[in-house]
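A.B. asks: Please see the structure below; I have some questions.
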Amino acid sequence: MEILSKSELNKLREFCLKWFWFFAQTFTDPDYFDVGLHRELCEFLQQKVGEGVVKVVILPRTFIKTTIAGKLYPLWRATREPKIRCLITSNTSPNAEKTVHSIRTMVESNKFYQALFPEVIPKFNKVRWSDRCACLNREEDYPEGTFEAAGVGANIIRRHYNLIVEDDTVAPKKDDLTGQEAMPSRDDIEKAVGFHKLTIPLLINSDDERLVVGTRWCDYDHINWILENEKCVVFDRPALVEGKPTYKRFSLERLEGIRMSMGTYMFSALYLNKPKAREFMTFKPEWIRYYEEEELPEEGDVVVTIDPADPPSSKKSLGDFSAIVSVKHTKKGLFVRRYRRERLSDAELIKRAFEVAEIDGAVKIRVEVNKYAHLESAFRDEMRRRGKWFIIEAVKAKLIAKEARIKLRLAPLFENGVIRLKRGMRELEEELFSFPYGSHDDLVDALSWQIDRSLNVEYERKEERNRIPKEFRMSWKLEEIRKSVRRGVMAGFNYPFQKQLGGNFNF
């Protein structure tokens, strides 16, 4: 570190305490701090707002919003006002604790910070100093630490703060098998909204601050709820404005690569801050119904359906998964038991399908064979080898396109509450909500093959067609219709089919 004179240190200290952007730029790697974007963000965070007004920061992923708004902003506030008490929340307690840990590391190890602000450096062995609760040096002691961490759902009753930061309280979870991140479920979002409501009575003073920091995931996410139901000021910067990147680390080429990888739907939400409007969604969030294990009817049969990935010769197949979906068919509805979505060889696909069928006691395995005609015989061979028997049904998509098949088969059933999911089926929910614009539709395709003419469940349609009042109804006998048509032909009416059939014909 370059040796600075006392007057130079005092000047830097003065600037850091006066302007948050100067503090943030001083303690952020210059390769990551974008003077244009992040200075504007810092000035937004520093501004005073009215009582009860929520500050909302909406930024794309990896735009270092947590570093600036979740870590440095609370530290700057506490450096200026050591008595302040800050609650830092995230979707899980471990994630919130990581943020407090990064604050602790800076206070413990950053020599420049220690040189500028020696008065707030505590005796670490004399104060509460953990990832859950960390205290700077302060004249008075309080039940709350300077920085405390909590996840969504944590018990935070009887605790009070001057600053509450809700940082990514809705965030993706990784698929255990593929390692890919899945969009948060509706259940995750509802929990985040409920947690946000609980923060209102936790503020000490009426002019204390709540700060929400996040990325958009969908039109009905927790940020949308806050924008519609709270008084708020918003800092919203997408990755592209008028076709130009807003952050120096994301070029047009890099953003285009991300768009191609994750699909238009997720790119629009995560990087353009514009999730698809609910009215344009094929499958609405409010259609999703969950069930608990004890609600599963005893009667009914389990069917396993399989959507193999396109053959390797297809360019599209490079990103495709094979999908296996297990559903119990009952008179009370269709209950999705489990699914698998992986990149699999033929042998692996057959093995996984039999594993799922055996776990759920399936009676039938239905497999799409449009591009894999050999799969039916391969399944029968594997049955003989295992000595375990199922009805193997090969199906082919005919005449109707996949997108139309999925809409026609699944949308009415979801709308009427016939299909029910388990909580935590994030990959399936993501495919439903992003259909048909998402990067993957493997699970919904496999699920659509669960529907055939034998489907028999008890449900009522939510909407009925308006019936024509009796006074406006008219009826005709078949002979009257025939006479009317004869008169039209005799009058020389040129119906399209007249010309095609040669003009003259008898009824």
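A.B. asks: Please go through region 390-401 and pick out each residue that is charged (D, E, K, R) and not in a strand (DSSP E or B).
C.D. replies: Listed by number, the residues that qualify are Lys396, Lys398.
A.B. asks: How many of the residues making up region 402-441 are surrounded by 16 or more Cβ atoms within 10 Å (Cβ to Cβ), of a type in the set (Gly, Ala, Ser) and in a helix (DSSP H, G or I)?
C.D. replies: 2
A.B. asks: Oh, and also: Collect the residues in region 69-87 that are within 17 Å of Glu43 (Cβ to Cβ) and of a type in the set (D, E, K, R), keeping them in residue-number order.
C.D. replies: Arg77, Arg80
A.B. asks: Let me ask you something else. Taking the residues in region 16-61 that are basic (Lys, Arg) and either modelled with pLDDT of 95 or more or over 30 Å from the mean Cα position of the chain (by Cα) (or both) as candidates, determine which candidate is farthest from Asn205 (Cα to Cα). Spell out the reasoning first.
C.D. replies: Taking region 16-61 first, the residues basic (Lys, Arg) are 18, 39, 48, 55, 61.
Filter again for either modelled with pLDDT of 95 or more or over 30 Å from the mean Cα position of the chain (by Cα) (or both), leaving 18, 39, 48, 55.
Numbers: Lys18: 23, Arg39: 28, Lys48: 14, Lys55: 16 Å.
Checking each candidate, the answer is Arg39.
A.B. asks: Now for a separate question. If you check Pro74 against the conditions, is it crowded, with 22+ Cβ neighbours inside 10 Å and within 35 Å of the chain's Cα centre (by Cα)?
C.D. replies: Details: crowded, with 22+ Cβ neighbours inside 10 Å: yes; within 35 Å of the chain's Cα centre (by Cα): yes.
Yes; evaluated as a whole, the condition is true for this residue.
A.B. asks: What pairs come up if the first residue lies in region 203-215 and is surrounded by 21 or more Cβ atoms within 10 Å (Cβ to Cβ), the second is acidic (Asp, Glu), and their beta carbons are under 6 Å apart, counting only those six or more places apart or on different chains?
C.D. replies: Taking only residues 6 or more apart or on different chains, the pairs are Val212/Glu166; Val213/Asp167; Gly214/Asp168.
A.B. asks: Sticking with this structure for a sec: Being part of a helix (DSSP H, G or I) and either without any contact (Cβ under 8 Å) to a residue 12 or more places away in the chain or among the aromatic types (Phe, Trp, Tyr) (or both) is the filter here, so list the residues in region 41-87 that pass it. Write out each step before concluding.
C.D. replies: Of the residues in region 41-87, the ones part of a helix (DSSP H, G or I) are 41-46, 65-80.
Answer for region 41-87, where residues must be part of a helix (DSSP H, G or I) and either without any contact (Cβ under 8 Å) to a residue 12 or more places away in the chain or among the aromatic types (Phe, Trp, Tyr) (or both): Phe44, Tyr73, Trp76.
A.B. asks: How about region 1-30: which of its residues are surrounded by 11 or more Cβ atoms within 10 Å (Cβ to Cβ) and not in a helix (DSSP H, G or I)? Write out each step before concluding.
C.D. replies: The initial filter retains those residues of region 1-30 that are surrounded by 11 or more Cβ atoms within 10 Å (Cβ to Cβ), namely 4, 8-28.
Leu4, Trp19, Phe27, Thr28, listed by residue number.
A.B. asks: Pairs only if they're at least six apart or on different chains, beta carbon under 8 angstrom, first in region 257-275 and crowded, with 19+ Cβ neighbours inside 10 Å, second β-branched (Val, Ile, Thr) and part of a helix (DSSP H, G or I); list them, first residue then second.
C.D. replies: So the pair list comes out as Phe267/Ile258; Tyr271/Ile258.
A.B. asks: Answer with yes or no whether Phe33 is in the same structural domain as Met106 (by TED's automatic domain parsing), surrounded by 15 or more Cβ atoms within 10 Å (Cβ to Cβ), farther than 25 Å from Thr105 by Cβ and aromatic (Phe, Trp, Tyr).
C.D. replies: Values: in the same structural domain as Met106 (by TED's automatic domain parsing): yes; surrounded by 15 or more Cβ atoms within 10 Å (Cβ to Cβ): yes; farther than 25 Å from Thr105 by Cβ: no; aromatic (Phe, Trp, Tyr): yes.
For Phe33, the condition - in the same structural domain as Met106 (by TED's automatic domain parsing), surrounded by 15 or more Cβ atoms within 10 Å (Cβ to Cβ), farther than 25 Å from Thr105 by Cβ and aromatic (Phe, Trp, Tyr) - is not met.
A.B. asks: Name the strands (runs of 3 or more DSSP E) wholly within region 260-379 that hold at least 3 residues that are within 23 Å of Glu429 (Cβ to Cβ) and of a type outside the set (Lys, Arg)? Steps first, please.
C.D. replies: Details: elements: 301-307, 322-330, 333-342, 364-368.
Passing ranges, in order: 301-307, 322-330, 333-342.
A.B. asks: Of the residues that sit in region 337-357 and are in contact with a helix residue (DSSP H, G or I) (Cβ under 9 Å, 6 or more places away or on another chain) and among the acidic types (Asp, Glu), which one is surrounded by the fewest Cβ atoms within 10 Å (Cβ to Cβ)?
C.D. replies: Among those residues, the one meeting the criterion is Asp346.
The values are calculated or read from the model by the stated rules, or taken from the named source; none is laboratory data. No experiment lies behind these values; they were computed from the predicted model shown. FYI the Cβ positions are ideal-geometry reconstructions off the backbone, even for glycines, and counts take in every protein chain you see.
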